[in-house]
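The values are calculated or read from the model by the stated rules, or taken from the named source; none is laboratory data. Predicted model only: the values in this text are computed from it and were never measured. Cβ atoms come from the backbone with ideal geometry, glycine included; neighbour counts cover every protein chain shown.
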Amino acid sequence: MLIFELSSKGRSASAQYEECESVEDIPEIYLRNKPTGLPEVSELQVIRHFTNLSKKNFSIDGQFYPLGSCTMKYNPRGAHQAARIHGFLNRHPLTAENKSQGFLACMFELQEYLKDLTGMQAVSLTPMAGAQGELAGVAMIKSYHEKNGDPNRSEILIPTAAHGTNPATAVMCGYKVREVGVTKDGDVDLDQLKNTVGPATAGFMMTNPSTCGVFERQIQGIADVVHNAGGLLYYDGANLNAILGTVRPGDMGFDVMHMNLHKTFATPHGGGGPGAGPVGVGEKLAPFIPTPVVGKDNNGDFRWIDEQDLPNSIGHLSTFMGNAGILLRAYAYARMLGFEGMQRVGKYATLNANYMAKRLTQAGFRLAYPKRRPTHEFIISLSDEAKDLGVTAMDFAKRLLDYGYHAPTTYFPLLVPECLLIEPTETETREEIDGFVDAMAAILEEARRTPELVRTAPHTLPVKRLDDVRAARDLDLVYVG
Ligand SMILES: *Cc1c(COP(=O)(O)O)cnc(C)c1O
């Protein structure tokens, strides 16, 4: 039911009503001449409406959520609490530096932690999501080549396993995208890369471990090939969780990267936001990082570093300095875990994924890369089930919802047919992982005996199969009473 349908003329939620300021100063043309058409409901009706709506959603606080590549892990309440300290919450973004030393110290230290964990030389916290971090990263690559008197590099290379944001970013920065294949064991095809790089190569964007859920074994060879061609190497940090505290992108030869704090650093994802996608860069790109960043003077005072100090910066990406509330949560998370805790994150995430992969194969599922050890996530392919039983990866995903589990990532990466990309994360118990495997085994049995039941799932949710293309193309958000 829509909240508009609860509306009753003259009813209002007035307990928290604040006296409206006078509208006298607002020019006539900006004043509305019709009522707003908002629903007229009581405070309790509002609370019930939205609480009940929220219960219809799957969420990390409600269900196991093994959405590969997205790292849907527990958001520790202690980090929320720390970010909600009165002084942080009420600090205006324009507060003078000398009255913001505590906040600036947190941001400075967060920059330092991220540098330590990634092996990068400089970090800017301002991008608001991984995708925006990518935009910043590729914009820096572009500035670098331009400043180097080498502006004709027109191509960004991307492996076929890449996330859609990678090619989208390259195109937004004015580059042509060229794809590089992946071998049947999940590695970048090094020979093909050698044949594709050249004087037009501006950079190569990749993740490691890759979205195939395996660690790229030839990463040093890849870095050499790209660098020898004069290109730069971009690290998509979405999979940083797997290697946290063990391997650093900077040491692997990457020149620039983003970090998805809402993935690796356990901050909330929200519905496409709020997020934070800081960028880290090596020496070559340090002059170009987006501003502002936080610096520390010789006398120990923290201050904003802006374009006066960094004249070659690609500039601002967000108002003020990024998503302060999310950055504070990531800072608190890092402080709570410490370096050893960070190392445990990567190790337990990997252990959980390997345990689950093993149990799923025992239950009759097929790994896409059976010769490789999974990292923090892994792919099963349901192409046999689709062929023999007529039950697809999407059918499994929908049926899992009936069992109370959020589905894994489906049909990504595109190169594996009938693909489920599964990421349990380090914050789940063995019982939860076992429960998921049991549900998958039960669905496999259903697919054999009563395939129609799986094909028509979900059966227990408020909405059944949706036409998601129509939902996107025909989006209708306007209520006409
Ligand atoms: C999530 C993700 C991104 C994009 O990050 P956002 O924070 O969602 O913008 C990029 N690449 C990969 C591999 C991802 O999983």
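The set of residues from the range 252-271 being more than 10 Å from the ligand (Cβ to nearest atom) and either part of a loop (DSSP other than H, G, I, E, B) or free of Cβ contacts under 8 Å to residues at least 40 places away in the same chain (or both) comprises Gly253, Phe254, Asp255, Phe265, Ala266, Thr267, Pro268, Gly270, Gly271. Where residues in the range 275-301 are part of a loop (DSSP other than H, G, I, E, B) and of a type in the set (A, V, I, L, M, F, W, C), which of them is nearest to Gly231 (Cα to Cα)? Of everything passing the filter in the range 275-301, Ile289 is nearest to Gly231 (Cα to Cα). Test Gly282 against the stated conditions and say whether it is more than 21 Å from the chain's Cα centre (by Cα), touching a residue at least 24 places away in the same chain (Cβ under 8 Å), closer than 29 Å to Cys212 by Cβ and surrounded by fewer than 15 Cβ atoms within 10 Å (Cβ to Cβ). No: the conditions fail for Gly282.
Among the residues making up the range 162-187, a single one is touching a residue at least 60 places away in the same chain (Cβ under 8 Å), touching a strand residue (DSSP E or B) at 6+ places or on another chain (Cβ under 6 Å) and either of a type in the set (Gly, Ala, Ser) or within 18 Å of Val256 (Cβ to Cβ) (or both): Asn166. One residue stands out among those in the range 112-161 that are surrounded by fewer than 21 Cβ atoms within 10 Å (Cβ to Cβ) and in contact with a Pro (Cβ under 7 Å, 6 or more places away or on another chain): the one that is farthest from Met257 (Cα to Cα), which is His145. Residues that are in contact (Cβ under 8 Å) with a residue 60 or more places away in the chain and polar (S, T, N, Q) do not occur anywhere in the range 84-95. Taking the range 51-71 as the range and being modelled with pLDDT of 95 or more and either outside any loop (DSSP other than H, G, I, E, B) or among the β-branched types (Val, Ile, Thr) (or both) as the test, the residues that pass are Leu67, Thr71. Any residue at all in the range 424-432 that is part of a helix (DSSP H, G or I) and under 24 Å from the mean Cα position of the chain (by Cα)? Within the range 424-432, one or more residues are part of a helix (DSSP H, G or I) and under 24 Å from the mean Cα position of the chain (by Cα). If you check Asp301, Asp309 for being surrounded by fewer than 24 Cβ atoms within 10 Å (Cβ to Cβ) and in contact with a Gly (Cβ under 8 Å, 6 or more places away or on another chain), only one passes: Asp309. Checking each residue in the range 454-481 for being farther than 19 Å from Leu401 by Cα and surrounded by 11 or more Cβ atoms within 10 Å (Cβ to Cβ) picks out only Tyr479. Residues of the range 341-372 that are closer than 24 Å to Pro76 by Cα and of a type in the set (Lys, Arg): Arg344, Lys347. Among helices (runs of 4 or more DSSP H) entirely within the range 72-174, having at least 1 residues that are closer than 21 Å to Leu310 by Cα and modelled with pLDDT of 95 or more singles out 101-118, 130-147. Contact map, the range 441-453: first residue surrounded by 15 or more Cβ atoms within 10 Å (Cβ to Cβ), second residue aromatic (Phe, Trp, Tyr) and part of a helix (DSSP H, G or I), Cβ cut-off under 6 Å, separation 6 or more or different chains; pairs are Ile443/Phe396. Filtering the range 112-140 to residues that are within 17 Å of Phe204 (Cα to Cα), of a type in the set (A, V, I, L, M) and within 16 Å of the ligand (Cβ to nearest atom) leaves Ala131, Leu135, Ala136, Val138, Ala139.
Kindly evaluate Met394 against the criterion of being under 28 Å from Ala266 (Cβ atoms), part of a helix (DSSP H, G or I) and not aromatic (Phe, Trp, Tyr). Against the criterion (under 28 Å from Ala266 (Cβ atoms), part of a helix (DSSP H, G or I) and not aromatic (Phe, Trp, Tyr)), Met394 does not qualify.
Among the conditions (1) at pLDDT 95 or above; (2) surrounded by fewer than 21 Cβ atoms within 10 Å (Cβ to Cβ), the only one that Asn352 does not satisfy is (2). For the range 428-435, the criterion of being assigned by the TED database to the domain that holds Tyr403 and free of Cβ contacts under 8 Å to residues at least 40 places away in the same chain is satisfied by at least one residue. Of all the criteria given as (1) part of a helix (DSSP H, G or I); (2) at negative phi, the one not satisfied by Gly338 is (2). Residues in the range 175-198 that are aromatic (Phe, Trp, Tyr) and assigned to a helix (DSSP H, G or I): 0 in all. In the set Val247, Val214, Val225, only one residue is away from the ligand (no atom under 16 Å from the Cβ) and either part of a loop (DSSP other than H, G, I, E, B) or closer than 23 Å to Leu414 by Cβ (or both); that residue is Val247.
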